[in-house]
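The values are calculated or read from the model by the stated rules, or taken from the named source; none is laboratory data. If you're wondering where the values come from, they're calculated on a predicted model, not measured in any experiment. Please note: Cβ atoms are built from the backbone with ideal geometry, for glycine as well, and neighbour counts cover all protein chains shown. To get the accessible areas, we keep the full protein, side chains included, count just its heavy atoms, and leave off ligands, DNA and RNA. Shrake-Rupley method; radii C 1.70, N 1.55, O 1.52, S 1.80 Å.
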Amino acid sequence: MLVVRLTQLFDSVKQTLFIVGSGLIVFLALRNSIVWHMQQFWGASGDFWQRQWDNVYTLFGQDEALVSIAGSFIFTTAVFWLANLFLLVLDVTGWPTVLLKYKIQDSKNCPLRLSDLKKAVSVAVFNQTVVGLPAAFAIYYMMKWRGCSCSPNDLPTFHWAVFELTVFTLIEEICFYYSHRLLHHPRLYRFIHKRHHEWTAPISIVSIYAHPLEHIVSNMLPSALGPILMGSHLATAWMFWALVLLSTTVAHCGYHLPFLPSPEAHDYHHLKFNQNFGVLGVLDRLHGTDAQFRASLAYQRHFLLLSTVPVSQQVPEPSKKKSE
């Protein structure tokens, strides 16, 4: 058992180093160019992002609470629905048909029944408003307590923003993995998390189709905790929340589309329930909660698709022997 644990720990560390190291190598190779261009975008002294944040701050009457609560609600809601709109059209109408070949579970939710769509939308809207708005108030006061700023005069540098986004990602991975796995505990599952798993073949909007308690504990808190702990600027928090919403939308969309992160791992989680509890996969490797997934065809298809040839054609189903 000890040897197995040490092997899993080594694999987890190796995977972490690969993920972080690959990004670091690319960043270092292009450091001067990236830093220069991003500083022009993000910079804290009259550059593009500075001007945009000035506009946001002015739009809300330079009211800190209004920017933090109403502004955050409007921004995250807009990001979520803009990201989901195209995918919902694809699910309901099957248009554009050229994308249907990228469906992971091609026999399910294709096309999506309008009754299922209505149910999913109603739960999503409820979580965003009735659950999300009071939570936004609580997050605002926690960020205020930690000294977080939303003033245009306090925008961080690009270097610091990148560092914070990295820390946020690690904090979210830890919080989401363990809260998600806790919700799968037999004593809790049927009362809370079972609602999310009504969808064995997920669609994009299912990312926030959840019990209200789950939406707070496992969806909102992991992504808010990083900015709170780091005492971060609201602009950096918005950037991270946008990345989280886009990431979970792709993870639940049910399509392995070209040039987007692979959703195979989380799709497999919805199919099998007891695999792939995390986002990055690092803690799954450490705890061995991806063992079945790693032995599956889905794992062979779990890569960034850099061509228009579907993964189902690149890694086809094994041919079945004909019965004699």
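Some observations on this one:
- Under the simplified labelling scheme, the T200-W95 pair shows an inter-label distance of 3.2 nm, with each label point 7 Å from Cα along Cα→Cβ.
- Computed over every Cα-Cα pair of segment 119-169 and binned at 5 Å starting from 0, the pair-distance distribution P(r) comes out as 4, 16, 13, 19, 17, 14, 11, 5, 1 percent.
- Net charge of Cβ neighbours under 12 Å - reference P263; Lys, Arg +1; Asp, Glu -1: 0
- Residues in segment 80-153 average 57 Å² of solvent-accessible surface per residue, probe 1.4 Å, ligands and nucleic acids excluded.
- Loop trypsin sites (Lys or Arg not before Pro), segment 157-250, which have at most 11 other Cβ atoms in a 10 Å radius of their Cβ (DSSP): R190
- Separation in nanometres of the label points that stand 7 Å from Cα toward Cβ, at S319 and Q292: 3.0 nm
- Carbon plus sulfur fraction of accessible area for segment 130-188, probe 1.4 Å, in percent: 70 percent
- Chymotrypsin sites (Phe, Trp or Tyr not before Pro) within segment 116-211, DSSP loop, no more than 13 other Cβ atoms inside 10 Å: F191
- Cross-link pairs exceeding 31 Å in C-alpha to C-alpha distance, out of K101/K272; K103/K194; K118/K144, comprise K118/K144.
- Taking a straight line from the alpha carbon of K119, these aspartates and glutamates sit under 16 Å away, with near neighbours fewer than eight places off in the same chain left out: D91, E198.
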